[in-house]
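Structure, as structure tokens:
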Amino acid sequence: LRMKDQMSPKIKKVSRHTRKLSKDVERARGRIVNFAVASSEKIENFAKKATISLAKVVVKTTALGLATAGALAGAGIKKGLAEAMDLEGYKSQIETATKDTKKAAAIMEWSIKLANKTPFEGGEVVAAAAKFEAMGMSAKKWVTITGDMAGATNKSLDQATEALIDAQTGELERLKEFGIKKADIVKKANEKFKNIQVVNAQGQVVDQKKFNEALVALLKDKFSGGMEKQAKTLRGTMSTV
């Protein structure tokens with residue numbers, strides 16, 4: 001990230017040349033599809049029966065394997081460059097929200113480390129962190145909670161992020177997609193804060209801080225460990241790889 005100024009022009013130049021790879025990538029996709037069809041049954045059996053870690057599986061390299069690896073490498077370069085540029089944009093968002101380059105860099109580093117051990121991609125974790133920081137919400141606190149919520153319900157991280165940000169304005173419709181109703185939050189608030197009104201008789205949130213505390217407690221009760229469980233699935237394992 002500190003090399004941004006020196007690297008950005010070069011990355012953009014490489015990106016222009018990368019567009020020429022598109023046709024090769026399209027042709028390579030045909031090979032990948034054929035490989036996937038031929039391997040689908042084996043992969044299915046592996047998902048059902050494998051009891052050893054993926055790291056211990058030895059795959060014999062074949063001519064088709066080499067062709068597929070080459071195709072994936074080409075596609076990977078193109079995706080990697082796009083991801084790098086997106087991350088640069090997200091970093092700017094976090095810096096704008098925090099007004100602190102050191103804090104922004106620390107949040108970026110934390111986000112990537114979290115992505116590397118969860119079923120989510122680096123870009124989407126950093127994007128979620130940027131959105132929360134822009135709302136004045138701690139990225140480290142809310143991204144973890146959001147990740148568990150998304151992982152436990154098999155939904156996207158962005159979908160969960162938007163639902164929780166909406167909740168800050170009293171809009172709880174999207175939370176229903178995750179099985180959370182306002183009545184559930186009010187009940188949890190009443191349990192935690194006896195004799196303190198969090199939601200009035202008209203259903204309006206009158207204490208956002210206490211409302212958030214009740215929401216966080218409810219989310220932890222319902223979704224704690226969601227990312228970890230999702231990461232152990234075949235899909236989560238491949239995402240981490």
Item to complete: Find all pairs meeting these conditions: Cβ atoms under 9 angstrom apart; at least six residues apart or on different chains; first residue within the stretch 158-186 and more than 22 Å from residue 127 (Cβ to Cβ); second residue assigned to a loop (DSSP other than H, G, I, E, B) and of a type in the set (S, T, N, Q).
Response: 170/204
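I want to confirm something. Restricting to the stretch 93-147 and keeping residues that are among the β-branched types (Val, Ile, Thr) and in contact with a Gly (Cβ under 9 Å, 6 or more places away or on another chain), which single residue is modelled with the highest pLDDT? Can you show your working first?
In the first step, residues of the stretch 93-147 are kept if they are among the β-branched types (Val, Ile, Thr); the result is 94, 96, 98, 101, 107, 112, 118, 125-126, 143-146.
Retained after the next criterion (residues that are in contact with a Gly (Cβ under 9 Å, 6 or more places away or on another chain)): 112, 118, 125.
Values: 112: 86, 118: 84, 125: 90.
Looking at residues that are among the β-branched types (Val, Ile, Thr) and in contact with a Gly (Cβ under 9 Å, 6 or more places away or on another chain), I get 125.
Matching residues to (1) in a helix (DSSP H, G or I); (2) open to solvent by 90 Å² or more (accessible area, probe 1.4 Å); (3) in contact with a Cys (Cβ under 8 Å, 6 or more places away or on another chain):
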position	(1), (2), (3)
158	yes, no, no
163	yes, no, no
174	yes, yes, no
183	yes, no, no
197	no, yes, no
210	yes, no, no
Worksheet entry | Residue check, residue 178 over 21 Å from the mean Cα position of the chain (by Cα) and buried (at least 16 other Cβ atoms within 10 Å of the Cβ) | no
Worksheet item: Does residue 201 satisfy the condition of being of a type in the set (Gly, Ala, Ser), part of a helix (DSSP H, G or I), on the phi < 0 side of the Ramachandran plot and exposed (fewer than 15 other Cβ atoms within 10 Å of the Cβ)?
Response: no
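The values are calculated or read from the model by the stated rules, or taken from the named source; none is laboratory data. What you see is a predicted model, and the numbers here were worked out from it, not measured in a lab. Methodologically, a virtual Cβ is constructed for each residue, glycine included, from the backbone with ideal geometry; neighbour enumeration extends over all protein chains shown. Remember, those area values only see protein heavy atoms, side chains included, never the ligands or the DNA or RNA. Shrake-Rupley method; radii C 1.70, N 1.55, O 1.52, S 1.80 Å.
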